[in-house]
C-alpha cells in the first residue's frame, strides 16, 4: 500500500491538484486525509476509465514484446541502454500502421533531430 503523501509533500512541495486513478491506495482515508488537511484538490480518473492510459499501456506492451522479452540483459545498465535504443528506433525508424506507415517523429515532429539532441 502506498504511504500517505507526506514524504512527497516535504520533498517536492504542495501541488494545487493531486490526480490519480481510483486505486485503493489513493482512496484510503489515510491518504486522502493528508490531501484534505493540506487543502490539495483531489482529482480522480473515472473508475474503469481505460481510455486514460491506453496509449501508454500499449506503448509499454510493445516495448516488452518487441524488446524486453526477446533479450536476456546481463545488467540493469545494459537493459537501460538497450531499451533507450529501442525507444529511439520506435520513434524514428519503426513505421506505425496507425500513423499511415509513418514514424511518430514523422507524424508529430517537424524537427525530429532536435528531440534526439535534447535527449542526449
Any idea which of (1) modelled with pLDDT under 90; (2) in contact with a helix residue (DSSP H, G or I) (Cβ under 8 Å, 6 or more places away or on another chain); (3) not in a loop (DSSP other than H, G, I, E, B) is the one residue 2 doesn't satisfy?
(3)
Residue 48 is checked against (1) under 30 Å from residue 25 (Cβ atoms); (2) at pLDDT 80 or above; (3) not in a helix (DSSP H, G or I) and fails just one. What number does that condition carry?
(2)
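The values are calculated or read from the model by the stated rules, or taken from the named source; none is laboratory data. Keep in mind that what you see is a predicted model, and the values were worked out from it rather than measured. Positions of Cβ are backbone-derived with ideal geometry, glycine not excepted, and every protein chain shown enters the neighbour counts.
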